Amino acid sequence: MRKNRLNLILSFILVALIAVGALTSCSDDITISLAAASEIPAQDIGEGEKTFRFEVFHNIEPTTVWNIHTDETTVGSALFEVGLTDDKGFITVVNGLTADWEADNAYWAFYINGEFALTGANTVDIEEDKTYAFVYTQD
C-alpha cells in the first residue's frame, strides 16, 4: 500500500515536470515569433474610437497583423465585429483559419503583449496600449 502511494506521488511529479518543460520550450518559440511580428506593418480595419494591434500566427500562413478600430468593449467582440473570428464565445476560426480540437488537437491560444493569457478574448477589455494575438497551437 505504501509503495503504491509512493509510486503515485512520483508519477504525479514526473508528469508535472514534463508538462512544465513542454510549456517552457513552446513558450520560448512563441515569444520569439511574437517579438518578430512587431516588425510587420499592420493593416487598418474597422471603425471606432478605440484602436488596438492584433496579430495572427498560423503554421501554414504568414503572420498577419491589423490595427483594429472599434467601439466594442472586449477584444473578442471587436474581432467578431470586423469579421476576424467566427464567434463571440468559443473561437475556432481566426482570419478564416480553423483550429479543430476534435480533429487534430488544435486550438487558438490567446496572448496579450506576448504572454499567454489565462482568460479568453471575449472577457478581456480592450486596452489600446496592448497587443493581442491568436497563435494556432496543436498538442
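The values are calculated or read from the model by the stated rules, or taken from the named source; none is laboratory data. Note that the structure is a prediction, hence the values are computed from the model and not measured. No Cβ is skipped: glycine too gets one built from the backbone with ideal geometry, and neighbour counts run over all protein chains shown.
Only one entry of 39, 47, 61, 115 meets the criterion of being charged (D, E, K, R) and touching a helix residue (DSSP H, G or I) at 6+ places or on another chain (Cβ under 9 Å), and that entry is 115.
Residue by residue through the range 82-114, note down the ones that are over 9 Å from the mean Cα position of the chain (by Cα), at negative phi and not hydrophobic (A, V, I, L, M, F, W, C). If the condition is that a residue be over 9 Å from the mean Cα position of the chain (by Cα), at negative phi and not hydrophobic (A, V, I, L, M, F, W, C), then 85, 86, 87, 88, 89, 92, 98, 100, 102, 104 are the ones that fit. Candidates in the range 70-98 are the residues that are in a strand (DSSP E or B) and touching a Ser or Thr at 6+ places or on another chain (Cβ under 9 Å); of these, the one that is farthest from residue 128 (Cα to Cα) is 98.
Residue count for the range 99-124, restricted to those that are assigned to a strand (DSSP E or B) and touching a Ser or Thr at 6+ places or on another chain (Cβ under 6 Å): 2. Considering only the range 110-132, I want to know if a residue exists there that is without any contact (Cβ under 8 Å) to a residue 24 or more places away in the chain and surrounded by 15 or more Cβ atoms within 10 Å (Cβ to Cβ). Yes; the residues of the range 110-132 include at least one that is without any contact (Cβ under 8 Å) to a residue 24 or more places away in the chain and surrounded by 15 or more Cβ atoms within 10 Å (Cβ to Cβ).
Whether a residue is modelled with pLDDT under 95 and either in contact with a Pro (Cβ under 8 Å, 6 or more places away or on another chain) or of a type in the set (Lys, Arg) (or both) was assessed, and residue 50 does not pass this test.
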